[in-house]
Amino acid sequence: GTGLDALIKAKGKKYVGFATDQGEFGNTGITNILKAEGGCVSPENSMKWDATEPSRGSFNFNGADALVNFAQTNGKMIRGHTLLWHNQLPQWVKNIGDKATLTTVIQNHASTVAGRYKGKIYAWDVANEVVADGGGMRSSVFSQVFGDWTFLDVAFKAAKAADPNAKLCLNDYNINFTGAKLNTFVQVVKDLKSRGVPIDCVGTQTHTSVGGSDIPNYKNTLTTLAGTGCEVQITELDIAMSTTTSTSALQQQQRNDYKTIVSACMGTSACSGITLWGVDDANTWITGKHPLLWDENFAKKPAYQGFVDGI
Ligand code: XIL
């Protein structure tokens with residue numbers, strides 16, 4: 001093939017992926033691109049805690065199963081997203097006040113969700129966004145009840161037991177910028193390793209902006225992440241415009257920015273793959289800011305060529 005996934009595989013990387021879910025599978029504009037250009041899918045929402053275990057011990061896998069079936073039918077890899085996160089987390093979890101109960105609940109959630117898809121998931125975002133924006137631990141029911149980072153140990157060990165061959169990742173945003181958040185993130189990963197907790201990969205979401213100050217330095221932040229000794233994955237890439245009007249100047253800058261980020265991955269041996277957080281500008285969580293490679297009519301934007309040039 002000639003799509004993005006084929007191009008990146010020809011250069012030794014593992015995949016180009018896209019976030020999607022069941023609600024998009026009836027949209028042939030999207031599915032044609034997923035099939036032709038992608039080698040991996042991420043569930044945009046269907047594997048999150050609120051979707052999979054809305055009340056304690058009561059699991060719903062309708063959306064997640066649909067995503068997995070789509071991937072398997074079309075020969076795509078899957079990134080699992082995500083077992084433990086402070087957002088899209090049901091209130092019943094937030095209400096837990098004691099460590100013994102929360103430990104059991106995390107173990108049961110991680111082992112049930114990861115266990116259902118055992119052998120089918122390339123990499124799991126076991127935990128998402130656990131670092132605070134200014135560095136240190138993000139405030140959440142997990143950090144408050146445990147008082148330290150060891151809720152991560154519980155989640156990673158449960159995921160490992162449930163799906164021993166999946167790569168287990170810690171994922172976060174704004175670690176594409178240097179500073180306290182990136183420093184804490186790297187330290188947390190190193191500490192997990194030193195405690196013998198099974199972690200294989202780090203995910204840098206990379207929700208960023210056209211012309212962003214992180215972009216010229218992106219290769220350095222990938223190198224810093226690779227310094228953990230983990231596989232590095234770009235897990236949620238999108239590059240938003242500053243205005244809702246997509247000018248040709250912004251389109252050209254966006255093209256350059258995609259090229260810079262993709263070529264940073266290509267130049268970093270630990271960087272294994274890149275997932276875009278959606279296919280087209282009409283179907284994105286960054287409403288109106290044209291962050292993706294295809295426009296609202298599924299025409300390739302200059303950003304698409306920038307991605308190709310980066311490979
Ligand atoms: C977003 C989805 O794209 C939206 O549809 C949903 O309403 C909110 O979550 N970081 C993550 C993703 O790890 O799960 C988020 O996805 C975007 C930010």
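Bear in mind these aren't lab numbers, they're just calculated from the coordinates by the rules spelled out. Just so it is clear, the structure is predicted and the values come from calculations on it, not from any experiment. Please note: Cβ atoms are built from the backbone with ideal geometry, for glycine as well, and neighbour counts cover all protein chains shown.
In whole Hz and in residue order, list the ³J(HN,Hα) couplings for region 234-245 that follow from phi through the Karplus curve 6.51 cos²θ - 1.76 cosθ + 1.60, θ = phi - 60°; x for Gly and Pro.
Residue by residue, region 234-245 yields 8, 9, 8, 5, 7, 10, 7, 7, 7, 10, 7, 8 Hz.
Which net charge results when you count Lys and Arg as +1 and Asp and Glu as -1 among the other residues whose beta-carbon is under 11 Å from that of P302?
Details: positive: R255, K259, K300, K301; negative: D257, D295, D309.
Around P302, the surrounding residues sum to +1.
Between N220 and N62, what length comes free when the chain is fully extended (0.36 nm per residue of separation minus the Cα-Cα distance, one decimal in nm)?
Gain in length upon complete extension: 52.8 nm.
In the neighborhood of W277, defined by Cβ-to-Cβ distances under 10 Å, what is the net charge if each Lys or Arg adds +1 and each Asp or Glu adds -1?
-3
Check M77: other-chain or 5+ apart residues with amide H under 5 Å from its amide H, H built from backbone geometry?
Here C40, V41 satisfy the definition.
Over the chain, what relative contact order in percent results from Cα pairs under 8 Å that are six or more residues apart?
In percent, rounded to a whole number, it is 16.
Could you work out [θ]222 nm for the chain from helices alone, using -39500 (n - 2.57) per DSSP H run of at least four and dividing by all its residues? Round to the nearest 500 deg cm²/dmol.
For the chain, the value works out to -12000 deg cm²/dmol.
What lysines sit close enough to K120 to cross-link, taking a C-alpha to C-alpha distance under 26 Å and skipping anything fewer than 8 places away on the same chain?
K9, K11, K13, K14, K35, K48, K76, K157, K160, K167, K193
Taking every DSSP beta bridge with both residues inside the chain, roughly what % is antiparallel (nearest 5)? It would help to have the intermediate numbers written out before the result.
Working: 3 of 38 bridges.
Just about 10 percent of them are antiparallel.
Quick one: work out the % antiparallel among DSSP beta bridges in region 207-311, nearest 5. Walk me through the numbers before you get to the answer.
Numbers: 1 of 9 bridges.
So the antiparallel bridges amount to about 10 percent of the total.
Let me know the charge dipole size of the chain about its Cα centre in debye, to the nearest 20, where only the beta-carbon of Lys, Arg (+1) and Asp, Glu (-1) is charged.
Details: 28 positive and 28 negative charges, 156 e Å.
Rounded to the nearest 20 debye, it is 760 debye.
Just L182, L192, L222 to compare: in a GNM of the chain, with alpha carbon springs under 10 Å, which one fluctuates most?
Fluctuation is largest for L192.
K99: which aspartates and glutamates have alpha carbons under 18 Å from its alpha carbon, excluding same-chain residues fewer than 8 sequence positions away?
Result set, ordered by chain and number: D148, D153.
Please give me the summed charge of the neighbours of L34: other residues whose Cβ is under 9 Å from its Cβ, Lys and Arg +1, Asp and Glu -1.
0
Could I have the simple spin-label model distance between D50 and A6, label points 7 Å from Cα toward Cβ, reported in nm to one decimal?
About 3.9 nm separates the two model spin labels.
Only four residue types carry charge here, +1 at the Cβ of Lys and Arg and -1 at the Cβ of Asp and Glu. Report the dipole size of region 1-140 about the Cα centre in Debye, rounded to the nearest 20.
On the way: 15 positive and 12 negative charges, 101 e Å.
The calculation lands at about 480 debye.
Under 5 Å between amide hydrogens, which residues at least 5 positions from K167 or on another chain qualify, with H placed 1.01 Å from N in the peptide plane?
A123, W124
Mind jotting down the distance between the C-alpha centroids of region 1-37 and region 123-170, whole Å?
28
Multiply the residue gap between T178 and D148 by 0.36 nm, knock off their C-alpha separation, and tell me the result in nm, one decimal place.
So the extension gain works out to 8.4 nm.
For the chain, which cysteines have no disulfide-compatible partner, meaning no other cysteine Cβ under 4.7 Å?
By the Cβ distance rule, which asks for a partner under 4.7 Å, the isolated cysteines are C40, C230.
What percent do you get for the relative contact order of region 242-311 when only Cα pairs under 8 Å and 6+ apart count?
Here the relative contact order equals 42 percent.
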